[in-house]
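Heads up: the structure comes next, in structure tokens.
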């Protein structure tokens, strides 16, 4: 569904991504993890068109995305969320979801999507809900567009432990419920373990590991990247 080949991003002399390859298959939930500064959010920015000055290629459903701005990629059903809260507080929940979905969403479907993610009713003003709940509304709104691939950049930020668990269960059901593949950036490894059968690890802009969850999380190189050589030894 999504194929990335030799993706490279530089900021002056700093290499943020270095010849990164990634394949996302239909109905797959992938965990994209790595230490701070590994290049995870940079990769999401490049995939979604917010960093057009990159090398390599990105294809969605076999169609190359070279030169496409974020809006065109979104219309081709490649959607993303952001680390920062970008939900406008003046809108109601329902108005925001319909605006982001860019399609007609019937009241019954809207209520079903909001209920699935544990969001407030459609008539609730976003200014009246907390930051964690607004993150849930953002995810629900992106999925209302029926994307082929959804890129989630730390969607659990601002949620309690119990809300983390509930969100993880819902993310795991996204392929079945919405027909979307998911790439999940998340620092909470417990959440990643619950949700992702496959994990990709970035470190210093390169793929350090890519494979089944348990194999990757037991890899000494991955442990060293997270904890440091001294702590590991």
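Taken together, the values in this text are just the output of simple stated rules run on the coordinates, not laboratory data. All figures in this text were calculated on a predicted structure; none of them were measured in a lab. Please note: Cβ atoms are built from the backbone with ideal geometry, for glycine as well, and neighbour counts cover all protein chains shown.
Along its principal axes, the range 160-233 has C-alpha extents of 42, 25, 20 angstrom, given from the largest down. Viscosity 0.890 mPa s, temperature 25 °C: Stokes-Einstein D of the range 90-165 from its Kirkwood Cα radius, in µm² per second? Rounded, D is 196 µm²/s. Shape analysis of the range 1-95 based on the Cα gyration tensor places the equivalent ellipsoid semi-axes at 23, 18, 14 Å, largest first. Suppose we keep just the DSSP beta bridges with both residues in the chain; what percent of those would be antiparallel, to 5? Of all bridge pairs located within the chain, approximately 55 percent are antiparallel. Over the chain, dividing the summed -39,500 (n - 2.57) contributions of all DSSP H runs of at least 4 residues by the number of residues returns a 222 nm mean residue ellipticity of -10500 deg cm²/dmol.
Over all pairs of different C-alpha atoms, the range 2-232 has a mean inverse distance whose reciprocal, the Kirkwood radius, equals 18.1 Å.
Hydrodynamic estimate: the Kirkwood radius of the range 27-66 over Cα pairs, inserted into Stokes-Einstein at 4 °C and 1.567 mPa s, corresponds to D of 112 µm²/s. With the highest mean first, a sort of the peptides 87-97, 55-65, 102-112, 192-202 on other beta-carbon atoms found within 10 angstrom per residue produces 192-202, 87-97, 55-65, 102-112. In plain terms, the residue of 80, 173 with the fewest other Cβ atoms within 10 Å comes first and the most crowded comes last, giving 173, 80. Pairwise Cα distances in the range 43-132 exceed 19 Å for 51 percent of all pairs.
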